[in-house]
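The values are calculated or read from the model by the stated rules, or taken from the named source; none is laboratory data. Just so we're clear, the structure is a prediction, and the values are computed from it rather than from any experiment. All Cβ positions, glycine included, derive from the backbone under ideal geometry; neighbour counts span all protein chains shown. Only protein heavy atoms, including side chains, enter the accessible area calculation; ligands, DNA and RNA are left aside. Shrake-Rupley method; radii C 1.70, N 1.55, O 1.52, S 1.80 Å.
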Amino acid sequence: MLLTVNDLHKSFNGREILKGINFQIDKGEIVVMIGPSGSGKTTFLRNLNFLEHADQGQMDFAGHQIDLAKPAKKEVQWVRRHSAMVFQNYSLFKNKTALQNITEGLIYAQGMAKDKAETIAKHELASLGLSQEAQLYPAQLSGGQQQRIGIARATVLNPEIILFDEPTSALDPELVGSVLGDMRKLAEAGQTMIIVTHQLGFARQVADRIVFFDEGKVIEEGAPQAMFDHPQNKRTAQFLTALNDAN
């Protein structure tokens, strides 16, 4: 397994958000997490790259065993060098161009020379059809363009795993397709991904496994067809019916 998490707990202000999560993902696997808002999906992702610190739990990432509640600084740095996260609100640097947003991690996290980083970033932008936007700032870009640059910023780091936190939830419906298209290309290339999304059609197409969260626990998991067509847990079925009715 590339990543294994055991007994992850996290509370905020006395309220337990994650109630002993156990999880694993293999190299090249795509896991899609679904569940109602507030069920703990985003908190789980944020604990994996130490944007939040767990109250307890253990992680084995590529053979590195880490106490999620008490990680050493060098362990946090190692995890962040080998993983990347794409946020629902883009989280681009507002004072930097599209090109600079992509080169930032290459230069400062990986110590790459600026000219080499720019060459890689320009190639990435060209592959996305965004070369003309290289010198534009986030405020000059559409939401879809910003999110696609956020994905490019993650992928150029060549991470072992990419965490996607509802990457299309802030987008207008007509912009969703281009972002999902970029993610499909990553899936086809064998990129390991954990994706939080409500895009069930996309999940059915690309996921190797669906994990259903509710009230801070993993309620059910399985292959997409089994989960979507024949859920075994009543709560899973209830959620999927409500989501399908809403769409």
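Taking 8 Å as the Cα distance limit and 6 or more residues as the minimum spacing, I'd like the relative contact order of region 74-223 as a percentage.
Taking the mean separation of contacting Cα pairs over the length of region 74-223, I get 26 percent.
With angles folded into 0 to 90 degrees, how steeply does helix 143-155 sit against the dominant principal axis of the chain? Use alpha carbons for both and round to 10.
On a 0 to 90 degree scale, this one is about 90.
Given labels modelled 7 Å from the Cα in the Cβ direction, how far is it in nm from Ala189 to Lys122?
Output for this residue pair reads 1.9 nm.
Please list Ser11, Ser131 in order of solvent-accessible area, largest first, computed with a 1.4 Å probe with all protein chains present.
Reading off the accessible areas and sorting them downward yields Ser131, Ser11.
To the nearest 500 deg cm²/dmol, what mean residue ellipticity at 222 nm is calculated for the chain from DSSP H runs of n ≥ 4 alone, each contributing -39,500 (n - 2.57), summed and divided by the residues?
Taken over the chain, the calculation gives -12000 deg cm²/dmol.
Run the dipole for the chain about the Cα centre, Lys and Arg Cβ at +1, Asp and Glu Cβ at -1, nothing else charged, and hand back the magnitude in debye, nearest 20.
The dipole magnitude comes to about 560 debye.
Summing Lys, Arg as +1 and Asp, Glu as -1, what charge do residues with Cβ under 10 Å from the Cβ of Ser11 carry, Ser11 excluded?
+1
Assuming R0 = 35 Å, can you tell me the calculated FRET efficiency for the pair Gln135 and Ser169, based on Cβ-Cβ distance, to the nearest 0.05?
0.80
For the Cα atoms of the chain, what angle does the longest principal axis make with the long axis of helix 234-246, in degrees from 0 to 90, nearest 10?
Long axis of 234-246 versus the principal axis of the chain: about 50 degrees.
Among (i) 18.7; (ii) 17.8; (iii) 19.2, find the value of Kirkwood radius over Cα pairs in Å that was calculated from the structure presented, and write down its label.
This structure yields the entry labelled (i).
Could you let me know the centre-to-centre spacing of region 47-78 and region 91-161, using Cα atoms, in angstrom?
Value for the Cα centre distance between the two parts: 27 Å.
How charged is the neighbourhood of Gly20? Take every other residue with its Cβ under 11 Å from the Cβ of Gly20, and add Lys/Arg as +1 and Asp/Glu as -1.
0
Return the subset of Lys70/Lys114; Lys10/Lys217; Lys10/Lys234; Lys96/Lys116 for which the Cα-Cα distance in this structure is over 23 Å, preserving the input order.
Over 23 Å Cα-Cα: Lys70/Lys114; Lys10/Lys234.
Residues of the chain: accessible area per residue at 1.4 Å, in Å²?
48
With all protein chains present, how much of the accessible area of region 204-247 (probe radius 1.4 Å) comes from carbon and sulfur, to the nearest whole percent?
Within region 204-247, the accessible surface is 43 percent carbon and sulfur.
Among Gly143, Gly111, Val206, which residue has its Cα furthest toward the positive end of the charge dipole of the chain, with +1 on Lys/Arg Cβ and -1 on Asp/Glu Cβ?
Checking the options against the dipole of the chain, the answer is Gly111.
Counting alpha carbon pairs within less than 8 Å and at least 6 residues apart, what relative contact order, in whole percent, applies to region 97-180?
34
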